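Enquirer: First the structure, then my questions, so here it is.
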Amino acid sequence: MDDLPSQDDAGSSRPTGRDELARDWAINVSRTAYIPFSAAKLTEELHELLNVVAEAIAQDPALAAQVGTRLVEIHCVGAESLPKSVEVLARFVVQQGADAERAALVIGAVAAAYTAAIQAFVLEQQESVSQALLKANRAVQLDLQASEERFEDIFAHSSTGIAMVSLSGELERANEALCTILRREDVAGMTLTDLIAPADLPLINDALASLKYGRMRRIEERPRLIDRDGEHFRVLLAATVQKDAEDNPKHFVVMIDDDSQLTLLGGRLQYQSLHDALTGLPNRQYLTTRLESLLHSDVEHGVTLYHLDLDAFAVITDGLGREIGDRVLKLVAERLSAVFASEKAMVARLEGDEFAVLVENGPDTPDVDTTIRTIEHELAEPVYFDGHGVAVSASIGVLPRLHPGGNPADVLRASDMTLRRAKRSGPRQWGLHDATLDKREQEEFALAAVMPGAWESGEIEVVFNPVMRLDGAARVCVEAELNWRHRDAGLIAHEKCVSMAEHTGLMLPLGEWMLRTAAETARGHDEILAVCLTESMANSPDLVRDVRRVLADTGLQAGRLLLGFPVHVLASEDSEAADNLDLLSDMGIHIGARDFKGSTAEIELVRSLGVKAVRVKGRAQKPDDLVSHVLSDLVGFVHEAGGLVVIDAIEDAEQRDWWSELGADAGVGPVFCVEPTTEWPAAD
């Protein structure tokens, strides 16, 4: 095709009508075979062939042979490809004014060349297919030979016993490993009936029949075999059926493993998976399984679950070392087991320093109070390690009389919540399960869990609450708070929002966002913005940096920001809150103290730290004369220390009036603002 006229040669000299004829040819021929060209490309190719035909008519008819060859090259090889092409070319030859003889010579040259090219194409394809078949056949033969060699190698050297068994059960061939497993010199001439225990033989025969008749492709059973001494031992037997060339069953391939050692190992591993490695007690998984069994059985006197957590166990491990801590855990396991030795009970170690005891109550089982006192007495007895007397106490959550049919996961979650409530009261406390409290806490936990998503979706917003003088004369400042408009729970106020965020670790990023959002709003007003810090915010090593960035980014002046610190955090010796307070105060930011209870230490802190405002919890009822006198003195002490007394919250005018009589300066609450708003409150 190198000497075909190029598109550039044709240029703008193409005869009128040749484009249309080429498109018509392309449409007709493309319907006869798959041609790997676009419509435009195919039309261009055929246009060039029309140019060649025109040249053949004008000069030498033999030139038209190039057209027939090129048609085959571009895959116009369908049954109708040549007739459709001849039809188009005949019309073209007539248009070109060729006489009958020259037209016949041109068309004949095209057809002859096309036929020759088709023959060459077919021969090439046949040769290619032939070579592929030969290659595939050779590969199959080599694979078959390699497969047979591999099987022979496995048969001879495998530690698994292998036997070729006839369809009637005779051992046609067996490897040395099978003889070793059976403790026999030779198994030639033996049958499966001779080797399999009579009680297990029907099972194996049925399984082999399923293989023979195609109901199963592979079987796996654990029958007992008979050794040369007549002893029975358990094995793992697997079998498949081998077929002949006509796909008919030929014989069975049986593989046998003596897994007695594996069974022992499996039992040991199962024990380890269900028991704690340190104490040897059942673990959480084992306890859960046992709990599920008891919940679905009929225990006449019910089941009780004790959930224990050792108090201040870290004091032992940090003070005396992990090794002593491990020995204490073993001792606790022993003493708990001794307490419940006379009961039908499971003592388990759940994790770390947590234990659980699951008791199937009987008519003589001691009541919960007696059992708790016995546990406390046993654990409180010191034991000496390297001259050090060590004793522990435990907080305990108790679920008495578990309901039959319950879910083990729900029971353990309830015990965990009960234990947590007991721990809030301090060390060595215990508590009974309370379903109402569980439901309430679970709802709060569910809210806390989805709080990050609510923040991202805009459900949580910053609102502003005015802090007013009790005489109503002026506004002291405007406080920023959080509100969460939950689609199901309704409006969740600030205190609950920060409590949940504090427990889940969300408070630091949420608090920085609240401060930034509030500062952006406050910069357009002249009043002081107040923000109460949580414990984590006050102790954050990044607090000063975050405040600096917020002030720089928003343009809010430091003198118009008041940050309220929890007073108990400031009193802590190992907290960073006091250092943060000093740095913020040096920046010109006003400092407040919240959760103020009026102790001498707190009053000293107010005076020494230069606190500008003290926030005191409000009272629902008017105090009597004695309490009023104490509160009045407290307010006076704060005033002497240079602080302003703010009451949170004041519900009504009566409370506002008697707090005013006691000398308090300002307050926040419904009496001043029924519901905080997202906009800066308008001045009265």
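Values in this text are rule-based calculations from the coordinates and carry no lab data. Quantities reported herein were computed from a predicted structural model and do not represent experimental measurements. No Cβ is skipped: glycine too gets one built from the backbone with ideal geometry, and neighbour counts run over all protein chains shown.
Enquirer: Roughly how many debye, to the nearest 20, is the charge dipole of segment 428-502 about its Cα centre, given +1 on each Lys and Arg Cβ, -1 on each Asp and Glu Cβ, and no other charges?
Expert: So the dipole magnitude of segment 428-502 works out to roughly 180 debye.
Enquirer: Sequence-distant or interchain residues sharing an amide H contact under 5 Å with Val463, placed H: which?
Expert: Glu481, Leu482, Asn483
Enquirer: If you don't mind, there's one more thing I want to ask. Determine the calculated [θ] at 222 nm for the chain from helices alone, applying -39500 (n - 2.57) to every DSSP H run no shorter than 4 residues and normalising by the residue count; nearest 500 deg cm²/dmol. Intermediate values should be presented prior to the final figure.
Expert: Details: 26 runs with 339 residues, N = 684.
So the calculated ellipticity at 222 nm is -15500 deg cm²/dmol.
Enquirer: A further question on this structure: Show which lysines lie in cross-link reach of Lys612 when reach means a straight Cα distance below 19 angstrom and same-chain residues fewer than eight apart are skipped.
Expert: The qualifying lysines are Lys597.
Enquirer: Would you mind checking the tilt of helix 201-212 against the longest principal axis of the Cα atoms of the chain, expressed as 0 to 90 degrees and rounded to 10?
Expert: 50
Enquirer: Which angle between 0 and 90 degrees, to the nearest 10, do you get for helix 625-640 versus the longest principal axis of the chain when only C-alpha atoms count?
Expert: Between the helix axis and the principal axis of the chain, the angle is about 70 degrees.
Enquirer: Please give every one of the aspartates and glutamates within straight-line cross-link reach of Lys439, meaning a C-alpha to C-alpha distance under 15 Å, and leave out same-chain neighbours fewer than 8 residues apart.
Expert: List returned: Asp410, Asp416.
Enquirer: Let me ask something else. Determine the principal axes of the Cα atoms in segment 304-431, then give the extent along each, sorted from largest to smallest and rounded to whole angstroms.
Expert: Here the Cα extents, ordered largest to smallest, are 48, 29, 22 Å.
Enquirer: Continuing with the same structure: Neighbour counts of other C-beta atoms within 10 Å: give me Val638, Val544, Val392 arranged from fewest to most. Please report the intermediate quantities before stating the final value.
Expert: On the way: Val638 26, Val544 19, Val392 23.
Ranked by crowding around the Cβ, least crowded first: Val544, Val392, Val638.
Enquirer: Pick out, from Met346, Leu508, Gly610, the residue whose Cα sits farthest towards the positive end of the charge dipole of the chain, with +1 on the Cβ of Lys and Arg and -1 on the Cβ of Asp and Glu.
Expert: Selected residue: Met346.
Enquirer: Based only on other Cβ atoms within 10 Å, what is the fewest-to-most ordering of Arg516, Arg224?
Expert: Ascending number of Cβ neighbours within 10 Å: Arg224, Arg516.
Enquirer: Consider just the alpha-carbon atoms of the chain and return their Rg together with their Dmax, both in angstrom.
Expert: 46.7, 137
Enquirer: Using the alpha-carbon atoms, what tilt in degrees (0 to 90, nearest 10) does helix 507-522 show relative to the longest principal axis of the chain?
Expert: Once rounded, the angle reads 80 degrees.
Enquirer: Let me ask another. Quick one: which residues, 5 or more positions from Cys477 or on another chain, have an amide H under 5 Å from its amide H? H modelled 1.01 Å from N in the peptide plane, none for Pro or chain starts.
Expert: For Cys477, whose amide H was placed from the backbone, the distant partners under 5 Å are Val467.
Enquirer: Let me ask something additional. For each of Tyr384, Tyr286, Tyr306, count neighbouring Cβ atoms within 10 Å of the residue's Cβ, then give the residues from fewest to most. Display every interim value, and only then the final one.
Expert: Values: Tyr384 8, Tyr286 17, Tyr306 27.
Listing Tyr384, Tyr286, Tyr306 from fewest to most nearby Cβ atoms yields Tyr384, Tyr286, Tyr306.
Enquirer: Near Lys84, which lysines are there with a Cα under 24 Å away, not counting those fewer than 8 places off in the same chain?
Expert: Lys41
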